[in-house]
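Reviewing the structure listed below.
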Amino acid sequence: MQYVGKLKVEVGIWNILWHLILWTILGIITLGFALLLFPYSIYKLVINKTYIINPESGEKIAQFRCNLNILHQVWHVLIWYLLIILTLGLALPFYIYYLVKFVLNRTELKPLKD
C-alpha cells in the first residue's frame with residue numbers, strides 16, 4: 001500500500017496558551033456563554049494547524065482548513081443543548097460525536113503548491 005502523505009499537527013504551546021487566555025477572557029466577559037462555543041474552537045485550531053507531509057521529501061504538500069463560522073456554531077450548539085436538556089443528559093454522548101462530525105464536515109484540504 002502506498003501512502004499519499006503523513007499528517008503533522010503544528011500546534012505549539014504558545015498557540016494553546018493564547019487560545020486558552022482568549023477563551024478565558026471571552027468566558028468572563030460573556031458570563032460563561034462563550035464557553036459553549038469553546039469545543040468548536042479547539043477542534044478548529046487543531047485542524048487549521050494540520051498539514052499533509054510528503055513521506056519522501058518531508059515537505060508540506062497540503063493543509064486542512066476548517067470553514068466553520070460563528071453562525072454555524074451557534075445554531076449547532078443551541079439545537080444540541082436543547083436536546084441535552086430535553087433528554088436529561090442522554091443526548092450528551094451523541095453530541096460529542098456529532099460535534100467532531102460537524103467540524104470535520106466543514107473542513108477542506110488545500111494544496112500548498114499548484
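The values are calculated or read from the model by the stated rules, or taken from the named source; none is laboratory data. These numbers come from a predicted model, not from an experiment. Reconstructed Cβ throughout: ideal geometry from the backbone, glycine too, with neighbour counts over all protein chains shown.
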Quiz item: Which residues, counting only those in the stretch 23-48, are over 15 Å from Gln73 (Cβ atoms), surrounded by 12 or more Cβ atoms within 10 Å (Cβ to Cβ) and of a type in the set (A, V, I, L, M, F, W, C)?
Solution: Val46
Quiz item: What about Leu104, is it modelled with pLDDT of 95 or more, in contact with a Pro (Cβ under 9 Å, 6 or more places away or on another chain), among the aliphatic types (A, V, I, L, M) and surrounded by 11 or more Cβ atoms within 10 Å (Cβ to Cβ)?
Solution: no
Quiz item: Can you name every residue in the stretch 49-71 that is surrounded by fewer than 16 Cβ atoms within 10 Å (Cβ to Cβ) and out of contact with any Leu (no Cβ under 8 Å at 6 or more places or on another chain)?
Solution: Lys49, Asn54, Pro55, Glu56, Ser57, Gly58, Glu59, Asn67, Asn69, Leu71
Quiz item: Restricting attention to the stretch 1-21, does a residue exist that is touching a residue at least 24 places away in the same chain (Cβ under 8 Å), over 20 Å from Thr107 (Cα atoms), surrounded by fewer than 16 Cβ atoms within 10 Å (Cβ to Cβ) and of a type in the set (Phe, Trp, Tyr)?
Solution: yes
